[in-house]
1. Which of the residues belonging to segment A:58-73 are within 7 Å of another protein chain (Cβ to nearest Cβ) and farther than 23 Å from A:Gln35 by Cβ?
2. Condition check: out of contact with any strand residue (DSSP E or B) (no Cβ under 7 Å at 6 or more places or on another chain), in contact (Cβ under 8 Å) with a residue 40 or more places away in the chain and either within 14 Å of chain A (Cβ to nearest Cβ) or more than 28 Å from B:Trp108 (Cβ to Cβ) (or both). Does B:Ser197 satisfy that?
3. Kindly provide the set of residues from segment B:44-67 that are loosely packed, with under 14 Cβ neighbours inside 10 Å and part of a helix (DSSP H, G or I), ordered by number.
4. When you check B:Leu163 against the structure, is it part of a helix (DSSP H, G or I) and either touching a Phe, Trp or Tyr at 6+ places or on another chain (Cβ under 6 Å) or among the basic types (Lys, Arg) (or both), yes or no?
5. Which numbered condition in (1) free of Cβ contacts under 8 Å to residues at least 24 places away in the same chain; (2) closer than 30 Å to B:His24 by Cβ; (3) under 16 Å from the mean Cα position of the chain (by Cα) is the only one that B:Pro87 fails?
6. Report whether or not B:Phe222 is facing another protein chain (nearest Cβ under 9 Å), under 19 Å from A:Tyr67 (Cα atoms) and of a type in the set (Phe, Trp, Tyr).
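Every number here is computed from the coordinates shown, using simple stated rules; none is lab data. What you see is a predicted model; the values in this text were computed from it and never measured. Here Cβ is always computed from backbone atoms with ideal geometry, including for glycine, and neighbour counts include all displayed protein chains.
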Amino acid sequence: MVDSLVAAASVIAAAIAVGFAGIGPGIGQGSAAGQAVEAIARQPEAEGKIRGTLLLSFAFMEALTIYGLVVSLALLFANPFI
Amino acid sequence: MAILFLAKIEVGSHFYIHLTEQLHFHGETVLVSFLVICLLSCAFFFTSRNLKQVPDSVQNFVEMAYEFVKNIAFASLGPAHFREFLPFIATLFFFVLGSNWSGALIPWKFFELPSGELAAPTNDINTTSCLAILTSITYFIAGFKFKGLRYFARYIKPSVFLLPINIIEDFTKPLSLNFRLFGNIVADELTVSVLCSLLPIFVPLPIMVLGLFAGSIQALIFSTLAAAYIGEIIE
């Protein structure tokens, strides 16, 4: 009984972890991409540099979501409480 | 029917190599990382023999790769110190890139293992944590080498109150490096396998291409961050 309760709670927690971890980086990536488009529109010759920096910063922001994903993977496949 | 399950993955099962009673290895990780190491070493060994003044196509490619990692190291370490850390940064970059791509490009499902399966070494958290801890050790040693005991002054800058935060930072740096690489590679493989279980033809292809792209970006990020951490200490 307790085990199934823990399992159910873990599944819900995994879903919430990924869901909430996606919000912040989503907003951040959106604003970063918007700024990059603006910068390219103002200075089209700097497109290569802007794209490189944008991809690098995207990867940093994505890492935050990935942390949530790692937590939820731990809850689903390597749960320490079951 | 079996061809439909080429992309199926098994989570949490490993091919254990029991060395002693207490000491086990994840066999699939060790095998694939040795393969990656051998391939990379052979490739760079044979292409750097008899270099010519006017490079042919292979030498051009290798020089381009060298320039790329040199720019990564140069950007964070500056002209004075980048030569000492270039081998480390370059090794990190090429090993992570080779591991990420080996998981996606080589059809490992054709090789049967008793349990577990062959996959990218970087989707085992032991590989990534090893790389991250190596980075930590490198910047500690770099700090001692270039600053001596004044290295510890870093912990009370800009003020004494930040001491606990500076100490915690020493642990969060390798932890974030570790989870970033591991999570990205596992996320990619899980996405591909979920899509394959829904519709195994054509649909997972764009995600696989995205995975290749993400793998190369992660290699770039890992080596850039390692260089930045070292550069932060020694400047």
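1. Taking segment A:58-73 first, the residues within 7 Å of another protein chain (Cβ to nearest Cβ) are A:59, A:63, A:66-67, A:69-70, A:73.
Passing the criteria: A:Tyr67, A:Leu69, A:Val70, A:Leu73.
2. On the way: out of contact with any strand residue (DSSP E or B) (no Cβ under 7 Å at 6 or more places or on another chain): yes; in contact (Cβ under 8 Å) with a residue 40 or more places away in the chain: yes; either within 14 Å of chain A (Cβ to nearest Cβ) or more than 28 Å from B:Trp108 (Cβ to Cβ) (or both): no.
Judged against the criteria, B:Ser197 is not a match.
3. Filtering segment B:44-67 down to residues loosely packed, with under 14 Cβ neighbours inside 10 Å leaves B:45-46, B:48-58, B:60-61, B:64, B:67.
Hits for segment B:44-67 are B:Phe45, B:Phe46, B:Ser57, B:Val58, B:Asn60, B:Phe61, B:Met64, B:Glu67.
4. Values: part of a helix (DSSP H, G or I): yes; either touching a Phe, Trp or Tyr at 6+ places or on another chain (Cβ under 6 Å) or among the basic types (Lys, Arg) (or both): yes.
For B:Leu163, the condition - part of a helix (DSSP H, G or I) and either touching a Phe, Trp or Tyr at 6+ places or on another chain (Cβ under 6 Å) or among the basic types (Lys, Arg) (or both) - is met.
5. Single failed check for B:Pro87: (2).
6. Details: facing another protein chain (nearest Cβ under 9 Å): no; under 19 Å from A:Tyr67 (Cα atoms): yes; of a type in the set (Phe, Trp, Tyr): yes.
Against the criterion (facing another protein chain (nearest Cβ under 9 Å), under 19 Å from A:Tyr67 (Cα atoms) and of a type in the set (Phe, Trp, Tyr)), B:Phe222 does not qualify.
Let's see how each residue does on (1) in a loop (DSSP other than H, G, I, E, B); (2) out of contact with any Pro (no Cβ under 8 Å at 6 or more places or on another chain); (3) small (Gly, Ala, Ser):
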site: B:Glu117; (1), (2), (3): yes, yes, no
site: B:Ala132; (1), (2), (3): no, no, yes
site: B:Phe140; (1), (2), (3): no, yes, no
site: B:Lys145; (1), (2), (3): no, yes, no
site: B:Leu149; (1), (2), (3): no, yes, no
site: B:Thr172; (1), (2), (3): no, yes, no
site: B:Asp188; (1), (2), (3): no, yes, no
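Rundown of residues vs (1) crowded, with 19+ Cβ neighbours inside 10 Å; (2) within 14 Å of chain A (Cβ to nearest Cβ); (3) more than 29 Å from A:Leu76 (Cα to Cα), yes/no style:
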| residue | (1), (2), (3) |
| --- | --- |
| B:Thr138 | no, no, yes |
| B:Gly148 | no, no, yes |
| B:Tyr151 | no, no, yes |
| B:Tyr155 | no, no, yes |
| B:Arg180 | yes, yes, no |
| B:Ile201 | no, no, no |
| B:Pro206 | no, no, no |
| B:Glu235 | no, no, yes |
